[in-house]
Amino acid sequence: MRTTRALAAAATAVAALGIAAPVAAARDGMPPVGPSNIVALPSVIARGGQLTITVDGCPQGGTATSDAFPATTLSPVPGGSTAKGTATIDRNARSGAHSITVHCTGAGRPLTHPNAFTVIGGVRGGLGGSSTTGATPTDMAIGGGLIAVALIGGGVFWMRRRAEKQI
């Protein structure tokens, strides 16, 4: 009984290997069909920033397009089937998620990666957080109140110390 089970298990393993081997060999011998993976780094970027795009399955390079940057050339990376390029995000790109479409040279079908990266709004740099010039009346009232409290507190402290020395 044990021999029958062992033979059945071995026959099943050989059959599975026999079916899988021709499929793997055929796949290894075929050239890549087209782009298979799109990676955009950083995944969150500000307007005007530089986005690095890496694509697998593009041994001859290609182009990457998006509504957030102009068409960008992807150059082949030596020693593999990967292509890489750098895109500059438009200054007027809308905030939110954007997709990337890649067309590989020599491959018929393009690949689109939806929501590949997110553009965030710009920052108002150089203003130091202020939007007015000079101190407002509220700022003056707060500053004057703090100075008055400091003077009164210092006077009370000085008067108490003076009284302690007389005893």
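The values are calculated or read from the model by the stated rules, or taken from the named source; none is laboratory data. What you see is a predicted model; the values in this text were computed from it and never measured. Note that we place each Cβ from the backbone using ideal geometry, even for glycine, and neighbour counts take in every protein chain shown.
Residues in the stretch 66-102 that are surrounded by fewer than 18 Cβ atoms within 10 Å (Cβ to Cβ), closer than 13 Å to Ala116 by Cα, in contact with a Ser or Thr (Cβ under 7 Å, 6 or more places away or on another chain) and in contact (Cβ under 8 Å) with a residue 24 or more places away in the chain: Ser99 alone. Which of the residues spanning the stretch 92-135 are under 25 Å from Ser75 (Cβ atoms), part of a loop (DSSP other than H, G, I, E, B) and modelled with pLDDT of 85 or more? Across the stretch 92-135, the qualifying residues are Ala93, Thr105, Arg109, Pro110.
Taken as a whole, the condition of being within 17 Å of Leu111 (Cα to Cα) and among the charged types (D, E, K, R) applies to Asp56. Residues in the stretch 45-65 that are part of a loop (DSSP other than H, G, I, E, B) and either in contact (Cβ under 8 Å) with a residue 60 or more places away in the chain or under 15 Å from Ala116 (Cβ atoms) (or both): 3 in all.
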